[in-house]
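The values are calculated or read from the model by the stated rules, or taken from the named source; none is laboratory data. Model, not experiment: these values are computed from the prediction. Here the Cβ positions follow ideal geometry from the backbone for every residue, glycine too, while neighbour counts run over all protein chains shown. The area values use the complete protein model at the heavy-atom level, side chains included, leaving out ligands, DNA and RNA. Shrake-Rupley method; radii C 1.70, N 1.55, O 1.52, S 1.80 Å.
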Amino acid sequence: MELEKLRHGTELIKRGFAKMQKGGVIMDVTTPEQAKIAEEAGAVAVMALQAVPADIRKEGGVARMADPQMVAEIINTVTIPVMAKARIGHFVEAEILQALGADMVDESEVLTPADNKYHIDKTQFTVPFVCGARNLGEALRRVNEGAAMIRTKGEAGTGDVSEAVKHMKQIMGEIRALNGMTKEEMIAVARDIEAPIELVLETAQMQRLPVVNFAAGGVATPADAALMMRLGADGVFVGSGIFKAENPEKMAKAIVEAVNNYDNPEILAQISKGIGSGMKGISVDTIPQEQALQTRGW
Amino acid sequence: MRIGVIAIQGDVAEHVEALKRALDERGQIADVVTIKHKGIVSKCDALVLPGGESTTLGKLLIREGIADEIQDMNNAGKPIMGTCAGLILLAKQGDEQVAKTHQHLLGLMDMQVNRNAFGRQRDSFETELELPFLSSPYNAVFIRAPAILDSGKDVTILARFDDMVVAAEQGNLLALAFHPELTLDTRVHQYFLNKLF
């Protein structure tokens with residue numbers, strides 16, 4: 001094999017990996033047993049972390065990347081891709097996850113940020129990254145830093161889908177508004193939203209984000225997952241929603257089927273029957289501003 | 001003519017776009033339709049199984065009742081192309097990993113596959129690949145790609161990389177370990193369309 005002819009970690013490969021996840025459900029897991037349940041249900045990938053967001057919220061303290069031993073065990077347990085979360089700006093956690101063999105790193109606001117000024121320079125990595133965003137400017141800043149996939153931030157660990165809805169509608173609305181603008185108008189938009197003009201032009205031309213865009217942060221039921229797909233998500237992350245549900249196996253399988261049948265209410269009705277109750281959750285309105293996870297990162 | 005793209009999960013839009021570009025270039029007309037549920041495969045003249053996660057795709061092809069329809073389509077000798085996860089689904093036999101997850105394969109092509117022959121995502125790569133039906137190399141993108149370990153006498157090997165078989169065909173079936181739909185070069189899709197027109 002001529003090694004010089006092999007190219008690893010290119011934009012095409014990183015964004016290509018994210019494209020293979022489209023139409024799928026990515027589930028948060030904290031143990032190999034949970035990862036097995038997710039794979040069996042039909043998840044396209046699992047996200048390894050120390051505790052699901054609902055528990056992080058409850059327990060408080062500093063939330064860091066998952067125990068590398070646990071990440072390694074999850075990698076050895078399932079055949080689907082394994083993603084893992086690193087703290088915002090913590091490029092060494094990201095390097096460790098890459099070294100462990102994680103297939104994608106989530107630079108996540110769910111963990112306690114390690115840097116309050118800079119996100120990770122994701123172009124320096126071979127593995128692709130996914131990052132959260134609340135609006136088009138934030139999404140394109142992350143893409144400019146090398147993110148190969150975007151997800152709405154929503155408000156993780158609440159089981160309240162309203163913030164994910166707000167962020168998805170915000171991003172989609174801003175993209176629609178670019179339609180028909182002149183170049184000089186788009187230059188002004190780029191300045192307003194603090195995003196590179198090249199990426200604004202590319203987004204306008206494609207009429208979608210230049211990378212895959214998933215929904216995340218509060219998805220708790222098959223109906224929530226279908227709602228996010230109807231709003232234009234390419235797929236769905238489910239955090240606490242699976243393993244905080246009454247019956248995780250049934251909930252996991254139902255959410256996978258709901259994403260495939262998101263536009264068919266009859267089938268959704270069938271899928272949603274007899275799966276037990278969703279996570280109890282907490283209404284976003286009752287969360288004090290300083291406890292909101294979505295304001296981490298910028 | 002109608003070409004179906006299985007749209008349960010994966011890079012469906014990329015295949016649809018690539019097929020439309022290829023059709024445009026050759027000046028031929030065909031409907032390109034996406035398929036999520038049963039009842040449509042039988043109305044197609046050719047079919048594409050896209051890249052995605054093969055465990056997810058396999059499970060949902062069964063749950064949705066599409067798997068049997070693809071068997072019938074193959075029995076009728078209609079062209080079917082599988083890329084990456086699609087290649088795995090076409091195979092008769094998987095490896096230990098495939099067995100471990102009780103993954104369902106369509107079993108159309110007489111070959112055994114290795115699910116992640118080239119490793120994890122950090123090992124994914126692009127390279128220039130020689131294909132016997134092309135006059136110059138093709139920029140092939142391999143993402144957590146499978147390889148064909150062993151194949152029967154009816155299978156023609158089209159390309160190897162690092163001593164592993166990464167492209168093969170068996171009559172109407174074309175199996176590729178890489179993703180021709182991720183680049184703008186339509187030559188591989190053209191080769192597939194030659195089986196239809």
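Only helices enter the 222 nm calculation for chain A: every DSSP H run of n ≥ 4 contributes -39,500 (n - 2.57), and dividing by all residues gives -12500 deg cm²/dmol, rounded to 500. Each Lys and Arg contributes +1 and each Asp and Glu -1, all at the Cβ; summed about the Cα centre of chain A, the dipole is approximately 340 debye. Relative to its Kirkwood radius, the Cα radius of gyration of chain B gives an Rg/Rh of 0.93. Rounded to the nearest Hz, the phi-derived 3J(HN,Hα) couplings of the range A:32-46 under the Karplus curve 6.51 cos²θ - 1.76 cosθ + 1.60 (θ = phi - 60°) are x, 5, 5, 4, 4, 4, 5, 4, 4, 6, x, 4, 7, 6, 10, where x marks glycine and proline. Dimensions of the protein assembly as shown along the principal axes, based on C-alpha atoms and rounded to the nearest Å, stand at 66, 54, 46, largest first. Give the lysines whose C-alpha is closer than 21 Å to that of residue B:78, dropping any in the same chain fewer than 8 places away, or say none. Partners found: B:20, B:36, B:38, B:43, B:92, B:153, B:195. What the range A:95-215 shows is 38 Å² of accessible area per residue, with the surface traced by a 1.4 Å probe over protein heavy atoms.
Note on the range B:2-194: with charges restricted to the Cβ of Lys and Arg (+1) and Asp and Glu (-1), its dipole about the Cα centre is near 480 debye. Chain B and chain A together bury an accessible surface of about 3500 square angstrom, both sides counted, with a 1.4 Å probe and no ligands or nucleic acids included.
Determine the shielding of peptide B:137-145 by partner chains: average, over its residues, the number of Cβ atoms on other chains within 10 angstrom of each Cβ.
Mean inter-chain Cβ contacts per residue within 10 Å come to 3.
Near residue A:235, the amide H atoms lying under 5 Å from its own belong to A:23, A:215; only residues 5 or more places off or on other chains count, and H is placed 1.01 Å from N.
Couplings 3J(HN,Hα) for the range A:226-235, derived from phi with the Karplus relation 6.51 cos²θ - 1.76 cosθ + 1.60 (θ = phi - 60°), are 5, 4, 5, 5, 5, 7, x, 5, 7, x Hz, where x marks Gly and Pro. Here residue A:167 sits with roughly 10 square angstrom of accessible surface, probe radius 1.4 Å. Beta bridges assigned by DSSP with both partners in the protein assembly as shown are antiparallel in approximately 35 percent of cases. Normalised by the number of residues in chain A, the average gap of Cα pairs under 8 Å and 6 or more apart makes the relative contact order 19 percent. How big is the gap, in Å, between the Cα center of the range A:115-190 and the Cα center of the range B:7-84? Between the Cα centres of the range A:115-190 and the range B:7-84 lies a distance of 31 Å.
Surface composition of the range B:96-197: carbon and sulfur make up 45 percent of the accessible area, probe 1.4 Å. Amide H to amide H, with H built 1.01 Å from N, residue B:46 comes under 5 Å of B:2, B:4, counting only residues 5 or more places away or on other chains. For the residues of B:47-57, the average number of beta carbons from a partner chain within 10 Å of their own beta carbon is 5. Label reach from residue A:5 (point 7 Å along Cα→C-beta): in the range B:131-166, amide nitrogens under 18 Å belong to B:131-143, B:158-166. For the range A:48-59, backbone phi angles converted through the Karplus equation (6.51, -1.76, 1.60; θ = phi - 60°) give residue-by-residue couplings of 8, 8, 5, 8, 5, x, 4, 6, 4, 4, 6, 7 Hz, Gly and Pro being listed as x. Taking amide H as placed 1.01 Å from N in the peptide plane, residue A:106 has its amide H under 5 Å from the amide H of A:84, A:85, A:86, A:130, each at least 5 places away in sequence or on another chain.
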